[in-house]
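A.B. asks: Structure incoming, see below.
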Amino acid sequence: MIGWWMAWLGLTGASGALLLGLLLPQTRTGTHEAMLAAPPEQVRSTILDAGAQPAWRQDLAAVDVEAGGAAWTERTRGGERIRFELVEASAERIALRFRSSRGYRGDWIGEIAPTAAGGTRLRVRESAVVPNPLARLAARVFFDPEAFARRWVDALAAELARRSAVPGSVG
């Protein structure tokens with residue numbers, strides 16, 4: 001008798017999770033804006049130097065840059081692989097498209113503007129589409145895109161400060 005109750009509870013819970021996941025929007029977006037104490041070109045070049053990002057991003061184990069540098073694959077410390085393609089790289093905007101080994105995909109946009117003080121205003125927006133309803137529910141519970149965008153920009157700011165403190169270092 002207890003076995004049937006356990007099976008019923010499991011089936012009800014799984015059905016409820018699936019239904020809840022189906023009701024959630026597929027796309028989530030995280031945005032963060034910051035003033036950085038580095039000139040726009042240094043900000044831009046640091047962002048586009050994907051191969052150097054494991055040195056300043058704690059979440060990355062490695063980055064494999066493809067020939068030409070317009071595409072790369074991030075390998076996270078958790079084993080996920082995320083392939084990025086450079087869509088646009090102008091003085092004011094960097095746009096990337098990405099696809100994860102965990103089934104989601106999306107885009108990342110960085111808007112770069114100079115400040116009167118010689119620094120940079122950076123606005124980062126990342127949108128991710130999670131087609132699988134159960135993964136969507138898990139992402140909603142365990143992943144905060146706003147917090148991720150903030151941590152990413154904070155890590156970039158720390159790297160820019162480190163580079164400006166190193167004699168002879170350029171972005």
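The values are calculated or read from the model by the stated rules, or taken from the named source; none is laboratory data. Since the model is a prediction, treat every value here as computed from it, not as a measurement. Note that we place each Cβ from the backbone using ideal geometry, even for glycine, and neighbour counts take in every protein chain shown. What goes into the accessible areas is simple: the full protein's heavy atoms, side chains included, and nothing from ligands, DNA or RNA. Shrake-Rupley method; radii C 1.70, N 1.55, O 1.52, S 1.80 Å.
A.B. asks: For the range 46-60, take each phi angle, set θ = phi - 60°, evaluate the Karplus expression 6.51 cos²θ - 1.76 cosθ + 1.60, and give the result in whole Hz per residue in order, putting x for glycine and proline.
C.D. replies: Along the range 46-60, the couplings run 5, 4, 6, 7, 4, x, 8, 4, x, 5, 10, 10, 5, 7, 9 Hz.
A.B. asks: Please list the non-local residues whose amide H lies under 5 Å from the amide H of Val87, H modeled 1.01 Å from N, same-chain partners needing a gap of 5 or more.
C.D. replies: Ala95, Leu96, Arg97
A.B. asks: A further question on this structure: Please work out how much accessible surface Phe143 shows to a 1.4 Å probe, ignoring ligands, DNA and RNA, in Å² rounded to 10.
C.D. replies: For Phe143, the solvent-accessible surface is approximately 80 Å².
A.B. asks: Quick one: with all protein chains in place, what share of the accessible area of the range 33-165 is carbon or sulfur, to the nearest percent (1.4 Å probe)?
C.D. replies: The C+S portion of the solvent-accessible surface of the range 33-165 is 53 percent.
A.B. asks: Another question, if that's okay. Compare the Cα positions of Leu137, Ala50, Ser90 along the charge dipole of the range 45-139 (+1 at Cβ of Lys, Arg; -1 at Cβ of Asp, Glu; about the Cα centre) and return the one farthest towards the positive end.
C.D. replies: Projecting each Cα onto the dipole axis, the largest value belongs to Leu137.
A.B. asks: Taking the solvent-accessible surface of protein heavy atoms with a 1.4 Å probe, what is the per residue accessible area of the range 59-171 in Å²?
C.D. replies: That works out to 54 Å² for each residue.
A.B. asks: Suppose every Lys and Arg Cβ carries +1 and every Asp and Glu Cβ carries -1, with no other charges. What dipole size does the range 38-145 come out with about its Cα centre, to the nearest 20 debye?
C.D. replies: 420
A.B. asks: Which whole-Hz ³J(HN,Hα) couplings does the range 142-148 yield from phi under the Karplus relation 6.51 cos²θ - 1.76 cosθ + 1.60, θ = phi - 60°, glycine and proline marked x?
C.D. replies: Residue by residue, the range 142-148 yields 10, 10, 10, x, 5, 5, 4 Hz.
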